[in-house]
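J.: Here it is: the structure, laid out below.
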Amino acid sequence: MSGSVIQEKVAKLLSRQSGKPVLRPIKPLALKNEVASRKLKKGEATCVTEMSLLMACWKQNDFNNTVCSKEVSVFYTCVEKAQNKAKAKQGTQGRLLPKEANTLLKRFPNQSSEI
Amino acid sequence: MCVSLSLCLVRWSRYNPYYLDPDPSKDARVPESELSPEEKELQELKTVSPIKAALSSDTSSAFNDPLISKFINMMMQDGNKILARGIMTQTLETIKRKQVEKYHKSPAAKREEIECNPYTVFHQALENCKPIIGLASVQKGGKSYQVPVPLTDNRRRFLAMKWLITECRDNKHRRTHMYEKLSQELLAAFANEGNVVKRKHDLHKMAEANRAYAHYRWW
């Protein structure tokens with residue numbers, strides 16, 4: 001299968017038969033049982049417009065929450081929607097998350113030596 | 001202060017995320033015809049997945065209130081649940097007494113507005129103490145700014161309870177009991193006055209003053 005093809009190529013790169021070897025590895029050429037974590041994508045601040053509306057209402061009515069109840073409820077709905085969106089967006093996109101991949105690899109690691 | 005040996009703690013503190021919370025109320029068993037499709041799915045899930053052990057403080061009685069239990073736990077010091085629960089019951093009793101006295105002293109026209117149920121007074125007072133926006137410290141360009149940030153429901157409830165408890169512990173005369181001071185603060189918060197509501201308003205004012213930094217948030 002493709003495993004032996006890769007091993008032949010690696011053997012060719014390491015061999016000294018055709019001049020100097022291309023690779024001079026310090027560590028063994030094997031995959032780690034870990035995936036590098038992805039850079040956190042910086043989003044923007046959510047619900048800023050609702051917050052500014054709420055604060056304007058507060059300023060006008062001396063921080064009275066009963067008078068500003070409508071803006072408060074609008075703000076809460078916006079926050080909930082933003083939270084749901086953030087949660088749903090994290091896991092989809094087709095790929096496994098690095099954390100999930102690492103848990104799977106910990107449970108089913110690549111065998112580096114014969115047990 | 002575990003006096004009797006019959007109170008063995010069986011519940012673990014860390015469970016796998018797929019464990020469901022127990023529902024000790026007597027109305028948990030509803031006949032199938034009255035359930036919507038999502039609730040039917042939830043019931044199916046409950047039959048298959050494991051459920052956490054119930055806490056010894058959760059009862060199936062009608063008087064079991066999760067909010068009051070949480071407040072008792074927050075008031076408790078050194079594991080002395082008996083004392084904390086005693087203080088809570090005394091507080092509720094004091095609230096009831098004060099409100100009933102007010103009820104009998106007031107003219108017939110104003111009697112309907114006076115709320116005598118101490119549980120509703122507690123719930124409403126806590127709602128009035130909950131902040132809507134909080135401040136988070138965000139570092140940008142070497143300097144840290146206080147950024148106005150929306151808070152989760154749990155965080156708001158925790159802050160309200162924490163403020164109430166610290167206020168009652170610190171700002172009282174050495175000879176007033178905790179339940180007395182608590183009842184005073186709860187009745188004041190019920191009427192939107194008092195130090196705790198003032199603290200909430202101060203937080204809102206700080207958030208309003210720092211509204212220019214709202215865009216420093218990235219979540």
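Read-outs: derived from the displayed coordinates by stated rules, not from any lab. As the structure is a computational prediction, the values presented were derived from the model and not from experiment. Backbone-built Cβ (ideal geometry, glycine too); neighbour counts: all protein chains shown.
J.: On average, how much area does the Cα convex hull of the range A:16-71 cover when viewed from any direction, in nm²? Numbers along the way, then the final one.
T.: Numbers: hull surface 37.1 nm².
Its average projected convex-hull area is 9.3 nm².
J.: Provide a whole-number value for the mean count of partner chain Cβ atoms within 10 Å of the Cβ atoms in peptide B:133-143.
T.: Working: counts 7, 0, 0, 0, 0, 0, 0, 0, 0, 0, 0.
That average works out to 1.
J.: Moving on to the next point. Taking trypsin sites (Lys or Arg not before Pro) as exposed when DSSP calls them loop (any state but H, G, I, E, B) and at most 14 other Cβ atoms lie within 10 Å, what is the longest stretch of chain B free of them, the sites themselves excluded? List each step's numbers first, then the result.
T.: On the way: sites that count: B:Arg11, B:Arg14, B:Arg29, B:Lys52, B:Lys110, B:Arg174, B:Arg175.
In chain B, the maximal stretch lacking such sites is B:111-173.
J.: Can you list the residues, at least 5 places off or on another chain, whose amide H is less than 5 Å from the amide H of B:Gly134, using H built in the peptide plane?
T.: Those qualifying (amide H under 5 Å, at least 5 residues apart or on another chain) are B:Val149, B:Leu151.
J.: If the cut-off is a Cα-Cα distance under 18 Å, which aspartates and glutamates reach B:Lys140, setting aside same-chain residues fewer than 8 apart in sequence?
T.: Excluding near neighbours in sequence, the set is A:Glu44.
J.: Rank B:Thr152, A:Met51, A:Pro98 by how far each Cα sits towards the positive end of the charge dipole of the protein assembly as shown (+1 on Lys, Arg Cβ; -1 on Asp, Glu Cβ) and give me just the farthest.
T.: My answer, from the dipole projection, is A:Pro98.
J.: Could you go through the range A:57-66 in sequence order and give the Karplus-derived ³J(HN,Hα) for each residue, using 6.51 cos²θ - 1.76 cosθ + 1.60 with θ = phi - 60°, rounded to whole Hz, and x for Gly and Pro?
T.: 4, 4, 5, 5, 9, 6, 6, 8, 7, 6
J.: Could I ask something else about it? Along the principal axes of its C-alpha atoms, what lengths does the range B:101-162 span, in descending order and rounded to whole Å?
T.: Cα spread of the range B:101-162 along its principal axes, largest to smallest: 63, 19, 15 Å.
J.: For a protection proxy built on the mean count of beta-carbon atoms within 10 angstrom, sort B:62-68, B:191-197, A:21-27 highest first, please.
T.: Values: B:62-68: 12.0, B:191-197: 17.4, A:21-27: 8.9.
Ranking the peptides B:62-68, B:191-197, A:21-27 by packing returns B:191-197, B:62-68, A:21-27.
J.: What are the ³J(HN,Hα) values, in whole Hz, obtained from phi via the Karplus relation 6.51 cos²θ - 1.76 cosθ + 1.60 with θ = phi - 60°, for each residue of the range B:94-103 in sequence order, with x given for Gly and Pro?
T.: Per residue, the Karplus-derived 3J(HN,Hα) values read 4, 4, 4, 4, 4, 5, 5, 4, 4, 4 Hz.
J.: OK, next. Tell me which residues come under 5 Å, amide H to amide H, from B:Leu20 once H is placed; ignore anything under 5 positions away on its chain.
T.: Residues meeting the amide H criterion: B:Ile51, B:Lys52.
J.: Could you give the angle, 0 to 90 degrees to the nearest 10, between helix A:98-107's Cα long axis and the longest principal axis of the Cα atoms of chain A?
T.: The helix A:98-107 is inclined about 50 degrees to chain A.
J.: For the range A:30-115, state which GluC sites (Glu not before Pro) are in a DSSP loop and have at most 14 other beta carbons lying within 10 Å of their beta carbon.
T.: Hits after loop and neighbour filter: A:Glu34, A:Glu44, A:Glu114.
J.: Still on this structure, please answer the following. Which entries of A:Lys59/B:Lys198; A:Lys85/B:Lys46; B:Lys96/B:Lys198; B:Lys130/B:Lys198; B:Lys46/B:Lys70; A:Lys85/B:Lys200 show an alpha-carbon separation above 18 angstrom in the structure shown?
T.: Too far apart for the 18 Å limit: A:Lys85/B:Lys46; B:Lys96/B:Lys198; B:Lys46/B:Lys70; A:Lys85/B:Lys200.
J.: So if a site counts as exposed when it's one of the trypsin sites (Lys or Arg not before Pro), its DSSP state isn't H, G, I, E or B, and it has at most 16 other Cβ atoms within 10 Å, what's the longest stretch of chain A without one?
T.: A:43-94
J.: Starting at the first residue of the range B:204-216, write each ³J(HN,Hα) from the Karplus equation 6.51 cos²θ - 1.76 cosθ + 1.60 with θ = phi - 60°, in whole Hz, x for Gly and Pro.
T.: Per residue, the Karplus-derived 3J(HN,Hα) values read 4, 5, 5, 5, 5, 5, 9, 5, 5, 8, 4, 7, 6 Hz.
J.: Just to compare against my own numbers: the Cα pair-distance distribution for chain B, 10 Å bins, whole % per bin, please.
T.: 7, 23, 26, 26, 16, 3, 0
J.: What nm value, rounded to one decimal, do you get for the distance between B:Ile82 and A:Ser73 when each label is placed 7 Å out toward the C-beta?
T.: Distance between label points: 4.7 nm.
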